[in-house]
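So the structure is just underneath, and the comments pick up after that.
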Amino acid sequence: MEKDMLKKIFHLQERFDRAVVEKRGLNFSQEVWIQKEVLAIMSELAEILDEVNFKWWKDPKEIDRERLLEEIVDVLHFFVSMCLKAGIGPEELYRAYIRKNQENFARQEGRTDREGYAWNK
């Protein structure tokens with residue numbers, strides 16, 4: 001089920017990206033596309049920060065969960081778009097995530113040669 005949801009997200013993003021490229025007449029190299037996607041993600045991350053009162057010099061406001069969700073989805077939107085531009089599909093991303101998650105647990109549990117990660121010293 002989870003992989004199917006990820007496939008659907010990738011499919012919808014691919015349709016949207018194709019339409020934007022076609023309607024706006026865009027033609028960037030893979031390198032430039034990925035740079036643009038990273039910059040867009042950084043911009044959206046800054047918007048998330050604004051939603052969670054990171055400005056300690058301002059009076060905090062109540063967090064608007066819907067607005068926060070919208071900004072997080074914007075990050076996902078550009079992340080998936082970046083994956084597509086890099087030639088990474090949902091199955092490959094899923095497999096890489098599982099591998100990296102297992103590696104992260106191994107590091108935290110001290111089951112690796114990498115030092116400085118283990119939480120049980």
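Taken over segment 68-110, residues that are surrounded by 13 or more Cβ atoms within 10 Å (Cβ to Cβ) and either touching a Lys or Arg at 6+ places or on another chain (Cβ under 7 Å) or of a type in the set (Lys, Arg) (or both) amount to 4. Contact map, segment 27-54: residues that are within 16 Å of Val73 (Cβ to Cβ) paired with residues that are at pLDDT 95 or above and part of a loop (DSSP other than H, G, I, E, B), Cβ distance under 7 Å, separation 6+ or inter-chain. Pairs shown: Glu51/Ile63; Glu51/Asp64; Val52/Ile63. Please tell me if Lys23 is among the basic types (Lys, Arg), touching a helix residue (DSSP H, G or I) at 6+ places or on another chain (Cβ under 9 Å) and part of a helix (DSSP H, G or I). No; evaluated as a whole, the condition is false for this residue. Every condition in (1) assigned by TED's automatic domain parsing to the domain that holds Ala118; (2) of a type in the set (A, V, I, L, M, F, W, C); (3) in a loop (DSSP other than H, G, I, E, B) is met by Trp57 except one, and the failing one is (1). Listed conditions (1) of a type in the set (A, V, I, L, M, F, W, C); (2) in a helix (DSSP H, G or I); (3) at pLDDT 95 or above are all met by Phe105, apart from (3). Among the residues making up segment 27-38, those that are loosely packed, with under 12 Cβ neighbours inside 10 Å and touching a helix residue (DSSP H, G or I) at 6+ places or on another chain (Cβ under 9 Å) are Asn27, Gln30.
Cβ-Cβ contacts under 6 Å between residues 6 or more apart (or on different chains), taken from a first residue in segment 60-78 that is outside the structural domain of Leu45 (by TED's automatic domain parsing) and small (Gly, Ala, Ser) to a second residue that is modelled with pLDDT under 95 and surrounded by 11 or more Cβ atoms within 10 Å (Cβ to Cβ), are absent.
The values are calculated or read from the model by the stated rules, or taken from the named source; none is laboratory data. What you see is a predicted model, and the numbers here were worked out from it, not measured in a lab. No Cβ is skipped: glycine too gets one built from the backbone with ideal geometry, and neighbour counts run over all protein chains shown.
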